[in-house]
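To start, the structure under review is shown below, and the notes come after it.
The values are calculated or read from the model by the stated rules, or taken from the named source; none is laboratory data. Keep in mind that this is a model prediction, so the values were computed, not measured. Neighbour counts run over all protein chains shown; Cβ positions are idealised from the backbone, glycine included. SASA here: full protein model, heavy atoms, side chains in, ligands and nucleic acids out. Shrake-Rupley method; radii C 1.70, N 1.55, O 1.52, S 1.80 Å.
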Amino acid sequence: DELDTIFPRRDGGSDAGGRERLIGQFLAELGGLKPFSEVIVIGSTSRLDLIEPALLNPGRFGFVIDLLPPTSPERAEILRIHMRTIPMGADVAPDRLAELTEGFSAAELATLCQRAGFERLQSFIAQHGADAEKRAAQFNVRMEDFLRALAALRGTQSALGTSRAAD
């Protein structure tokens with residue numbers, strides 16, 4: 001996973017010697033595999049442009065499969081699946097959330113649901129204190145919780161240098 005961090009494109013930087021040896025050793029190991037052996041090497045990355053190009057030469061990683069982010073209907077279904085285990089308020093609209101999460105992966109949608117639920121739980125406990133357990137039947141995650149979680153995730157993504165489509 002994350003081949004771009006393990007085998008970044010060689011650029012002759014300050015740590016080029018260590019990186020060169022690591023990439024060279026890995027390429028030698030890949031080259032030593034016999035065709036049709038019982039060994040299959042699979043790698044993944046979200047930044048193919050940052051991977052050392054030699055890894056993509058024939059006889060190494062022979063196929064590149066581009067997995068596109070889910071479409072809006074697919075995102076809505078992914079959200080519904082993750083919402084099955086969380087008490088939802090009547091105002092929660094998976095289709096609207098799917099529109100607002102253009103470009104999100106399934107993992108990011110799962111994180112959105114978890115974050116909305118966790119933040120709502122924290123505020124529910126803070127609001128009800130010692131009575132929170134007695135009032136558990138009243139607990140549900142609302143659309144506003146998802147919108148706050150979405151804003152927080154977008155802020156995190158901006159800080160990490162990733163971008164999402166605007167609302």
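Free of Cβ contacts under 8 Å to residues at least 60 places away in the same chain, assigned to a loop (DSSP other than H, G, I, E, B) and surrounded by fewer than 15 Cβ atoms within 10 Å (Cβ to Cβ): does that describe THR5?
Working: free of Cβ contacts under 8 Å to residues at least 60 places away in the same chain: yes; assigned to a loop (DSSP other than H, G, I, E, B): no; surrounded by fewer than 15 Cβ atoms within 10 Å (Cβ to Cβ): yes.
So THR5 does not fit the description; no.
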(request) Residue by residue through region 46-55, note down the ones that are in a loop (DSSP other than H, G, I, E, B) and within 16 Å of ILE23 (Cα to Cα). (result) GLU52
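Can you spot a residue in region 83-98 that is in contact (Cβ under 8 Å) with a residue 60 or more places away in the chain and under 20 Å from the mean Cα position of the chain (by Cα)? Walk me through it before giving the result.
Our first condition is that a residue be in contact (Cβ under 8 Å) with a residue 60 or more places away in the chain; within region 83-98, this holds for none.
Scanning region 83-98 turns up no residue that is in contact (Cβ under 8 Å) with a residue 60 or more places away in the chain and under 20 Å from the mean Cα position of the chain (by Cα).
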(request) Would you be able to tell me the number of residues in region 8-22 that are modelled with pLDDT of 65 or more and either in a loop (DSSP other than H, G, I, E, B) or under 15 Å from PRO53 (Cα atoms) (or both)? (result) 7
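Can you tell me which residue within region 56-75, out of those that are assigned to a helix (DSSP H, G or I) and at pLDDT 85 or above, is surrounded by the fewest Cβ atoms within 10 Å (Cβ to Cβ)?
PRO73
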(request) Could you please give the count of residues in region 76-96 that are part of a loop (DSSP other than H, G, I, E, B) and open to solvent by 90 Å² or more (accessible area, probe 1.4 Å)? (result) 3
